[in-house]
Structures are given as structure tokens and as C-alpha cells.
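Here's the structure, in C-alpha cells; my notes come after.
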Amino acid sequence: MARIRLEMTRLHTHTLKKIWDIAFLSRHERGPHMSNADTSRYLRIGESTVRNWLERYETTGNVEVEQKSGRKQSTTQKQDAIIQSVVAQYPTESVNQIAFKLSKKGIKISQTKFQTIGNKWQYEKRLA
């Protein structure tokens, strides 16, 4: 759980565009080949962040977030869609009330999982 939060925080702080900017400014053949220190000052981020993302770029050739090992998602995409529609249908209901409505539809979900899904949707809305 902490690993997922850390990865989402990292992505929130450093959008995918900014990460690609790091790679372009420092290493891309058509980029200006800035030093790590210059890149960090230009993008107003830490030099260690520049180093970490460049290490990933040089190792994998990509900066996309990797799928982490660990516990698999407890709900399917179809169930997530049902959950999202119930939340949209009853925006003023409490977590417990929505969980009860979902249980009637055969979806058992914990408060923690519900909050995690809600946070993910809010995060995705901000990116859109």
C-alpha cells in the first residue's frame, strides 16, 4: 500500500511530461545535453530526482511507471465501473451507505479499498 502511495505521489509531483523533459534536456540526441544540476535548476526540481529518472531512462529507455509486484487489485475493471457509477449516482452518501448499496449488487468492498479507489479517480480527474 505504501509503495502505491509513493508511486502516485511521485507521479503527481513529477508529471510524465516533466519526466520526459528531464530525459530530453539531459540525454536526448537533439536535446541541449544539460548537466544534472542545470536540468534540476531549469525544471525547479531536486538534482537527486533528475539522477533517479535519468537512471531509469538509461536502463529501460523509458520513463513510464513500472508495474510493481505485490498484492493484485481486489476489484475488476467492471466492478470499478459499477462502483464509480454508484458514487456518481449518490454523491452525498457516506462510504458506509455506498458500500451497502454495492453489497446489494454483489460487490463487497472495504472502506479502505473504497477510499483508495476514490483517491485514484480524483487523481485521474486532475490529470485529465
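The values are calculated or read from the model by the stated rules, or taken from the named source; none is laboratory data. All values reported here derive from a predicted model rather than from experimental measurement. We place every Cβ from the backbone using ideal geometry, glycine too, and count neighbours over all the protein chains shown. The area values use the complete protein model at the heavy-atom level, side chains included, leaving out ligands, DNA and RNA. Shrake-Rupley method; radii C 1.70, N 1.55, O 1.52, S 1.80 Å.
Observations on the model:
- Solvent-accessible area of F24, all protein chains in place: 80 Å² (probe radius 1.4 Å, heavy atoms, ligands and nucleic acids excluded).
- Per-pair calculated FRET efficiency, R0 = 22 Å: Q115 and Q89 via Cβ, rounded to 0.05: 0.75
- Remark: accessible surface ordering of K101, K17, K108 (largest first) is K108, K17, K101, probe radius 1.4 Å.
- Heavy atoms of Y57: accessible area, 1.4 Å probe, square angstrom to 10: 50
- The figure for E29 is an accessible area of roughly 150 square angstrom, using a 1.4 Å probe on the protein chains alone.
- The loop-placed trypsin sites (Lys or Arg not before Pro) in region 20-100, going by DSSP, that have at most 15 neighbouring Cβ atoms within 10 Å of their Cβ come out as R27, R30, R44, K68, R71, K72.
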